[in-house]
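The values are calculated or read from the model by the stated rules, or taken from the named source; none is laboratory data. In this text, all values refer to a predicted model and were calculated from it rather than measured experimentally. Every residue, glycine as well, gets a Cβ built from its backbone with ideal geometry; the counts of neighbours run over all protein chains shown.
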Amino acid sequence: MLDDVLMKYPDPDVDYGELISPFQAEIGHLQREILDLKIPVMIIIEGWDASGISDICNKLIRYLDPRSYRLYPVGRPKEVEAEMPFLWRFALVAPEEGKLSVFDRAWYSRMIIENKENLKDVFRIKVEDIKAFERHFCNDGGVLIKIFLHISHKEQKKRFKEADSDPCRSFYLKNIDWNPKKEYPEYFSVIDEILFRTNTPNAPWEVIPAENLDYAVYRVYNTVIDRLKSSISDKKEGAEGICYECPLLSSGYCLPEPHPPRVLDRKEYKSKKKELGKRLSELQVELYKHKIPLVVLYEGWDASGKGGAITRFTRYINPRGYRIEPIGPPDVKEKTRGYLWRFYNRLPRPGRIVIFDRTWYGRVLVERVEGLCSEYDWKRAYGEITEFEHFIDEWGGVIVKFWIHISKEEQLERFSARETDPDKMWKITPEDWRNREKWDQYEEAVCDMISLTHTPCCPWTIVSGNDKYSARIQTFEAVIAAVEKKLSSLK
């Protein structure tokens, strides 16, 4: 993509500084429109060092209302950011509805800088992760504008030389963590391939020759304004984003028998639980020592025993090292973000444990059945969820996913028992009875969920839950097996 760009020289007879003036008022007007229409916008400006990224960012934001935009100069990750998945820090600052984020460098520079010693080994994985991350943002209604400022090697060397006499620029160039004065030829082909591989329908690249600053500013304004106008028009017309192919449903998968092969008596259960609990306690220490994050997901029918299983599980682990995240409807702030934002926000630090009581699978279960999101949203969620889990696995995390399965008859018995037990009456609500009326619809959704998101790195464990004692032991054993497998892979 880069070879032909510098052939498109600006017209020397045109005063591009004058052409910029009308854009300055227009971009402010468009910013107010995207705020009214609740369109989140990310603008990322990448380019060679000394190509003028910061200068152009400054000129771009000068005429924006600071109440609804943020500028993010991206440099070395902070301590916590370096510990988390590569795209985590960018996911957390993705703009809410109607807001605009401008990135002075973004995940592309960081992919190269943080992996320059083994870039060839991580290139394919990171590029695919980035494409998935960008697609998630766009499919959630976001607009992603990607600009790369291109200068020649000769021009870059000239600018580096000029910077030596400028104390501010000289200080900056000496203190960044990647200063490829002599690496331009080496990285040319790498950057060219990255641009080519990530030039997608939802998030195309605009490569702009930047040897003439006024011309580069003119092209940046022109690109941003054109994309904003197009997005505003699409929003008003109700057009949906470009979505990858939705999965085929009704795969024929059926849930297994909810009765365990063998029912445990209380004495055997307590003995087994104590033995496994001791092992869980030992493994928590190993997770901490090896900085391995553990994510345990509990899904299941209403009254299937998720809460009881979580309570027994946490009795054996140190409360300083785990957190329980009960997931309900998104709050006001979460509704203004992409669907997965609140789950990025809840991931554990390395060596810690997070237990989700209901999870991101709500989109393909309750939201699907109850019509709380569009068909477009829940159908694309299968792919987005598996990609999100892949990010966690690639980061080094362990994910254990439970569907606690009980029969319809068992659920009725438990509902009835709750209604007559003063200590458990708070657990039963009219919503539980309404959900029960849609058992068949939920069962179809569960079968689709399991068949489409059961992956080698993040498989489902179907817990036979009609006997609570047996169900709890099954969850203990599954977590222990997953953690031991991860630890053995480190040897």
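Here are a few things to note about the model shown:
- Scan of region 324-377 for residues that are assigned to a helix (DSSP H, G or I) and of a type in the set (V, I, T), ordered by number: V332, V364, V366, V369
- Condition check for Y382: within 24 Å of the chain's Cα centre (by Cα), farther than 17 Å from F356 by Cβ and not assigned by TED's automatic domain parsing to the domain that holds R135: yes
- Flag for I53 being touching a helix residue (DSSP H, G or I) at 6+ places or on another chain (Cβ under 8 Å) and not acidic (D, E): no
- So T359, is it outside the structural domain of R135 (by TED's automatic domain parsing), surrounded by fewer than 17 Cβ atoms within 10 Å (Cβ to Cβ) and among the β-branched types (V, I, T): no
- Segments classed as helices (runs of 4 or more DSSP H), wholly inside region 404-491, with at least 3 members that are closer than 29 Å to E387 by Cα, small (G, A, S) and in contact (Cβ under 8 Å) with a residue 24 or more places away in the chain: 468-489
- Members of region 227-265 found to be at pLDDT below 95 and basic (K, R), listed by number: K235, K236, R262
- Just one of the numbered conditions (1) free of Cβ contacts under 8 Å to residues at least 60 places away in the same chain; (2) out of contact with any Lys or Arg (no Cβ under 8 Å at 6 or more places or on another chain); (3) basic (K, R) is not true of K291: (1).
- Residue check for K38: of a type in the set (K, R) and touching a residue at least 60 places away in the same chain (Cβ under 8 Å): yes
- Residues that are within 27 Å of S152 (Cα to Cα) and aliphatic (A, V, I, L, M) within region 206-240 comprise V207, I208, A210, L213, A216, V217, V220, V224, I225, listed in sequence order.
- Test: residue in region 269-289 that is in contact with a Leu (Cβ under 8 Å, 6 or more places away or on another chain), of a type outside the set (A, V, I, L, M), outside any helix (DSSP H, G or I) and more than 30 Å from E431 (Cα to Cα): no
- The lone exception for E128 - which of (1) farther than 17 Å from W205 by Cβ; (2) assigned to a helix (DSSP H, G or I); (3) of a type outside the set (A, V, I, L, M) it fails: (1)
- Of residues in region 209-222 being assigned to a loop (DSSP other than H, G, I, E, B) and touching an Asp or Glu at 6+ places or on another chain (Cβ under 9 Å), the one farthest from E128 (Cα to Cα): E211
- Residue in region 329-352 that is basic (K, R) and within 24 Å of A445 (Cα to Cα) present: yes
- Tallying residues that are basic (K, R) and either closer than 19 Å to T461 by Cα or surrounded by 15 or more Cβ atoms within 10 Å (Cβ to Cβ) (or both) within region 268-313 yields 5.
- I392 at pLDDT 95 or above and touching a Ser or Thr at 6+ places or on another chain (Cβ under 9 Å): no
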